[in-house]
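Q: First, the structure itself, so that you have it in front of you.
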Amino acid sequence: MTTGRYNSLPHKLKKHFRFVVMNTPQDHLLVVDDDPEIRHLLKTYLEKNGYQVTTATEGNGMWMALDQARIDLIVLDLMLRNHAGGGLCARLTLPR
């Protein structure tokens, strides 16, 4: 992500997320966050930049989305209310 694009992000997003540079704007991203405002801001920003975005509010929704589509990158809130995001992240590396 270029510096200009990063600087155009809302402050709330800059404060809570680290961004990964991806080369293919057609990539499919999954945003998992229980905060509707952050989820909406991320989805809107990423879609404006050409990414396909699916959202989930919790871990069960994340697993459903992963079963239904090829996801290239997951943006995961590590402090989800009903699931520990770190635990979900660790489970992603295990064979399913």
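Q: Inspect the range 14-23 for any residue being exposed (fewer than 15 other Cβ atoms within 10 Å of the Cβ) and modelled with pLDDT of 60 or more and give the result as yes or no.
A: no
Q: Restricting to the range 36-61, count the residues that are touching a His at 6+ places or on another chain (Cβ under 9 Å) and at pLDDT 90 or above.
A: Matching residues across the range 36-61 total 6.
Q: Can you run down the residue pairs with Cβ atoms below 8 Å, 6 or more apart or on separate chains, where the first is in the range 54-70 and within 13 Å of residue 28 (Cα to Cα) and the partner is among the polar types (S, T, N, Q) and not in a helix (DSSP H, G or I)?
A: Close Cβ pairs (under 8 Å, with a partner that is among the polar types (S, T, N, Q) and not in a helix (DSSP H, G or I)) amount to 65/54; 69/54.
Q: Could you check how many residues of the range 43-78 are within 13 Å of the chain's Cα centre (by Cα) and assigned to a loop (DSSP other than H, G, I, E, B)?
A: 7
The values are calculated or read from the model by the stated rules, or taken from the named source; none is laboratory data. Everything numeric in this text was worked out from a predicted model, so none of it was measured. All Cβ positions, glycine included, derive from the backbone under ideal geometry; neighbour counts span all protein chains shown.
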